Amino acid sequence: MAKRQAKAPVEGRIPLMAGNWKMNLNHQEAVVLVQKLAWTLSDKRHDRTRAEVAVFPPYVDIRSVQTLIDGDDLPIAFGAQNVSVHESGAYTGEVSASMLAKLGCSYVIVGHSERREHYGETDEWVALKAQVAHRHGIIPIVCVGEGLAVRREGTHVAFTTDQVKRSLEGLTAEQVAQSVIAYEPVWAIGTGETATPLDAEEVCAGIRNQIDRTYGGAAAESIRILYGGSVKAGNVAALMQQPDVDGALVGGASLDVEEFSAICRYYEMPVM
Ligand code: 13P
């Protein structure tokens, strides 16, 4: 596949700035954060063609966030951090894709490394979650990324593209085209250790090439590939200059309104 042009602004692929709140903020705190975020973005005149903004609150906050966003017609999307592989039934503690769809979730994060590590989620499980999301019209954000040992061995591109292959199993090329992948090297999550822009580009380009080989050029051109791992206002602009980085999945910094708002306006940030 031909090397793509550096993108600014992108035609076709609108970058996505996704705030993964993890297990933080109750429903009242969630409403306050979303109100402030919307105000900050409108005050600073965020260019919506340069980035779509989405937040990923804990399940119990979603209804409150939905009511606010829909009621005030805020230009912020929202989604969940996880979903059950099952449609419905006796699965205590689980939340189904149809429930998330009913709440208006546009996205769902699947296969985050914290779920892979603490809850034993496998690529096969992640693929089932991506499938159930698509069945209900929700776009999965499929997370992949290597740990420190793999990075030190230098096999991170092969490791990550294998994860991608298995985690997208069972999706059609059209579904893959609409999906989002988040490359989050585990060693860079919550550590303050960011992959360099070229580290991020190496793996994101490898993923896009993998999609090209398996699902064809159209899917490779439209799928969005995010980078995640200690993204901040100070490093986002350089990451976003990379041709295969289509946005960021942001953890800690998404809980700070000013910081996340600046990340969403990466196009105004200095390249450091
Ligand atoms: P941090 O931005 O806190 O490193 O978290 C990244 C992440 O895991 C987002 O899903």
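A search for C-beta distances below 9 Å between a residue of region 249-272 that is over 23 Å from residue 145 (Cα atoms) and among the aliphatic types (A, V, I, L, M) and any residue that is more than 9 Å from the ligand (Cβ to nearest atom) and not in a helix (DSSP H, G or I), counting only pairs 6+ apart in sequence or on different chains, returns 262/44; 262/269; 271/241.
Pairs only if they're at least six apart or on different chains, beta carbon under 6 angstrom, first in region 184-208 and part of a loop (DSSP other than H, G, I, E, B), second among the basic types (Lys, Arg) and within 15 Å of the ligand (Cβ to nearest atom); list them, first residue then second. Note: no pairs meet the criteria.
In the set (1) over 25 Å from residue 26 (Cα atoms); (2) within 16 Å of the ligand (Cβ to nearest atom); (3) under 16 Å from the mean Cα position of the chain (by Cα), residue 195 fails one condition alone, (3).
Filter region 11-52 for residues that are modelled with pLDDT of 95 or more and among the small types (Gly, Ala, Ser); which is surrounded by the fewest Cβ atoms within 10 Å (Cβ to Cβ)? Once the filter is applied, the top-ranked residue is 38. Do we have residue 226 as within 15 Å of the ligand (Cβ to nearest atom) and under 16 Å from the mean Cα position of the chain (by Cα) here? Yes; evaluated as a whole, the condition is true for this residue.
Do we find a residue being in contact (Cβ under 8 Å) with a residue 60 or more places away in the chain and either outside any helix (DSSP H, G or I) or in contact with a helix residue (DSSP H, G or I) (Cβ under 8 Å, 6 or more places away or on another chain) (or both) anywhere in region 171-183? Checked against the condition, which is being in contact (Cβ under 8 Å) with a residue 60 or more places away in the chain and either outside any helix (DSSP H, G or I) or in contact with a helix residue (DSSP H, G or I) (Cβ under 8 Å, 6 or more places away or on another chain) (or both), region 171-183 yields at least one hit.
Residues in region 116-140 that are of a type in the set (D, E, K, R), within 16 Å of the ligand (Cβ to nearest atom) and assigned to a helix (DSSP H, G or I): 116, 117, 129.
Here residue 231 fits the description: within 15 Å of the ligand (Cβ to nearest atom), modelled with pLDDT of 95 or more, part of a loop (DSSP other than H, G, I, E, B) and under 19 Å from residue 50 (Cα atoms).
Here residue 168 meets the list (1) of a type in the set (A, V, I, L, M); (2) within 18 Å of residue 112 (Cβ to Cβ); (3) crowded, with 23+ Cβ neighbours inside 10 Å; (4) within 15 Å of the ligand (Cβ to nearest atom) almost entirely, failing just condition (4). Scanning region 126-157 for residues that are closer than 15 Å to residue 195 by Cβ, out of contact with any Asp or Glu (no Cβ under 7 Å at 6 or more places or on another chain) and in contact (Cβ under 8 Å) with a residue 60 or more places away in the chain returns a single hit, 144.
Please note which strands (runs of 3 or more DSSP E) are completely contained in region 9-115 and include at least 3 residues that are closer than 21 Å to residue 240 by Cβ.
Working: elements: 16-20, 52-56, 77-80, 107-110.
Output list reads 16-20, 52-56.
Of note, residue 95 does not satisfy the criterion of being crowded, with 20+ Cβ neighbours inside 10 Å and either under 22 Å from residue 25 (Cα atoms) or hydrophobic (A, V, I, L, M, F, W, C) (or both).
The values are calculated or read from the model by the stated rules, or taken from the named source; none is laboratory data. Here the structure is a predicted model, which is why all the values come from computation and not from measurement. Every residue, glycine among them, receives a Cβ derived from its backbone with ideal geometry; neighbour counts consider all protein chains shown.
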